[in-house]
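**Q** Below is the structure I would like to discuss, written out as structure tokens.
The values are calculated or read from the model by the stated rules, or taken from the named source; none is laboratory data. Owing to the predicted nature of the structure, the values given are computational and were not obtained by experimental measurement. We place every Cβ from the backbone using ideal geometry, glycine too, and count neighbours over all the protein chains shown. Remember, those area values only see protein heavy atoms, side chains included, never the ligands or the DNA or RNA. Shrake-Rupley method; radii C 1.70, N 1.55, O 1.52, S 1.80 Å.
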Amino acid sequence: MFEDRTGTDALKFDGVSLRYGDSQHSVLPMWVADMDIPPPDNVGQSINAFLAGHYGYQMQDIAPAIVDWHGRRHQPVQDHEVVSCQSVIGGIKSVIEALTQPNDTIALFAPVYAPLIEVVRACHRTPVLIPFDVETGPGRGDLDGIPKNIAMLVLCNPQNPTGHVWPQNTLVALASLCQRLRIPMVCDEVHSAFVSPTVSFCSALQLAGDLRQTTIVLQSATKAYNLAHIPGASYAVIPKASWQQQVRRCIEQCHLYSGTLSNVSLMAAYSEQNDGWLKDVSLQIHSNRKQLEQGLAYSSLAPVNSEATFFCWLDLTALYPSQEQVARLLFADTGIAANDGASFGSPGWVRLNVATNPNNVTEALKRLQLLWQQI
Ligand SMILES: Cc1ncc(COP(=O)(O)O)c(C=O)c1O
């Protein structure tokens, strides 16, 4: 299932020294949000077949594959609700520009994937970050921190970097609030394919009636099927007709819809024949996450209880009290390349990507244990 991608120009492998400097240890690449697992075979086959026989502008419709994929997950989507976009962040930019005004305030729960904050700033809107307790995970209590003057709420569900799944009752409460405020609840659900078998993920698409109408879901084939190199086609599902038209106009004006190769790859990836592949990958990631959690349970390094995503979120402040550049220090001390928590608003923490060979997780545990014994 897993590949060592050293020497293939893979950023996660070959970009380590540029970013992290040197280490006397061999490199364990556990940063960058992709997987060391090749995509399902039919994706490459479809792209090759497509390239061999098609030219010029194309009109492939990705909506039926998307409707079907979500349908198999009990997430109702209708063809006309699908709006194609080149990337998730690009799609969110179009949603913000279409549905809010410059200087508006947009709320997000933190720690969160930094580009979600940056895109708000890039649109000349003001992000308001609402902290949630990473040990207990997000809950209804966090709603109190939401200012009532916001023009949009952007939710990352499952949460990158902590791996929390937003509980259904909190999602309902958030959507009810957004409905009362008449603002969109924009949900980035790109990590929702990898959820622990014991946890149930509630998509905003599963909310009832009016609450569903107040939500916009961003989704993509990139994370689940490891297509960041294509990149995988992304799309928004926008139930409310007026918002949908405004966003579609914004995307179409600047030709920001997904490209044909992305569409071909999404249609291949989303076919039912790959459901077994996705399940196997998800179970392996879950097992890797648990291995890391249990392997560090003896120390304050134990990651927060991740329920989804291929990330583990670790507090390294006991190792590096200065909380500065901890990912670089960790790399120098162990060869483990992790994402620095500072970029998510949490200096002193790191995000480890466990979508890798379980042997790498075992090796990371060994090196972390040695480091722990030294303090
Ligand atoms: C939560 C989340 N949203 C969006 C993205 C990026 O998506 P895209 O490259 O399609 O903009 C990532 C990438 O890691 C992510 O983790």
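**Q** I'd like the distance between the alpha-carbon centres of the range 252-277 and the range 312-344, rounded to an integer number of Å.
**A** Going from one Cα centre to the other spans 35 Å.
**Q** If you restrict to DSSP beta bridges whose two residues both lie in the chain, what percentage is antiparallel, to the nearest 5? Don't skip to the end; give the middle numbers.
**A** Details: 16 of 35 bridges.
In the chain, DSSP labels about 45 percent of beta bridges as antiparallel.
**Q** Another question about this same structure. May I have the pair-distance distribution P(r) for the range 148-289, computed from all Cα-Cα distances with 5 Å bins from 0 and rounded to whole percent?
**A** Going out from 0 Å in 5 Å bins, the range 148-289 shows 2, 9, 16, 20, 19, 16, 11, 5, 1, 0 percent.
**Q** What does the charge count near residue 192 come to, summing +1 for each Lys or Arg and -1 for each Asp or Glu among other residues with Cβ under 15 Å from its Cβ? Walk me through the numbers before you get to the answer.
**A** On the way: positive: 72, 73, 223, 279; negative: 188, 189, 275, 307.
So the environment of residue 192 carries a net charge of 0.
**Q** Please report the spacing between the Cα centers of the range 192-207 and the range 1-54 in Å, no decimals.
**A** Cα centroid to Cα centroid, the span is 27 Å.
**Q** Let me ask something additional. In deg cm²/dmol and to the nearest 500, what is the mean residue ellipticity at 222 nm of the chain if only DSSP H runs of at least 4 residues count, each as -39500 (n - 2.57), divided by the residue total?
**A** Details: 13 runs with 141 residues, N = 375.
Using -39500 (n - 2.57) per qualifying helix, the result is -11500 deg cm²/dmol.
**Q** Which of the residue pairs 93/223; 148/223; 12/93 have a Cα-Cα distance greater than 30 Å in the structure shown?
**A** On the way: 93/223 19 Å; 148/223 33 Å; 12/93 26 Å.
Violating the 30 Å Cα-Cα cut-off are 148/223.
**Q** Rank 355, 197, 274 by how far each Cα sits towards the positive end of the charge dipole of the chain (+1 on Lys, Arg Cβ; -1 on Asp, Glu Cβ) and give me just the farthest.
**A** The residue sitting farthest along the positive end of the dipole is 197.
**Q** For the residue pair residue 41 and residue 200, what label-to-label distance in nm results when each label sits 7 Å from Cα along the Cα-to-beta-carbon direction?
**A** In this crude spin-label approximation the distance works out to 3.6 nm.
**Q** At residue 229 and residue 182, where each label point lies 7 Å from the Cα along Cα→Cβ, what is the point-to-point distance in nanometres?
**A** 4.9 nm
**Q** Using r as the Cβ-Cβ distance of residue 173 and residue 101, and R0 as 30 Å, what FRET efficiency do you calculate, to the nearest 0.05?
**A** Working: r = 26 Å, r/R0 = 0.87.
Using R0 = 30 Å, I get an efficiency of 0.70.
**Q** P(r) for the range 138-229, please, calculated from all Cα pair distances in 5 Å bins and given in %.
**A** 3, 13, 24, 26, 17, 10, 5, 2, 0
**Q** So what's the convex hull volume per residue for the Cα atoms of the range 307-375, in Å³?
**A** Values: hull volume 6.1 nm³, N = 69.
It is 89 Å³ per residue.
**Q** Rounded, prolate or oblate: which fits the chain when a ≥ b ≥ c are the square roots of the eigenvalues of the alpha-carbon gyration tensor, with rounded for a/c under 1.5 and prolate only if a/b beats b/c?
**A** Details: a/c = 1.76, a/b = 1.25, b/c = 1.41.
Judged from the Cα gyration tensor, the chain comes out oblate (a/c at least 1.5, b/c at or above a/b).
**Q** Over the Cα atoms, compute the radius of gyration (one decimal) and Dmax (the largest Cα-Cα distance, rounded to a whole number) for the range 266-331, in Å.
**A** 16.4, 50
**Q** Taking all protein chains in place and a 1.4 Å probe, what share, in percent, of the accessible surface of the range 42-273 do carbon and sulfur account for?
**A** On the way: 4940 of 9580 Å².
About 52 percent, which is the carbon plus sulfur part of the accessible surface.
**Q** How many angstrom lie between the Cα centre of the range 106-161 and the Cα centre of the range 351-375?
**A** What the calculation gives is 30 Å, centre to centre.
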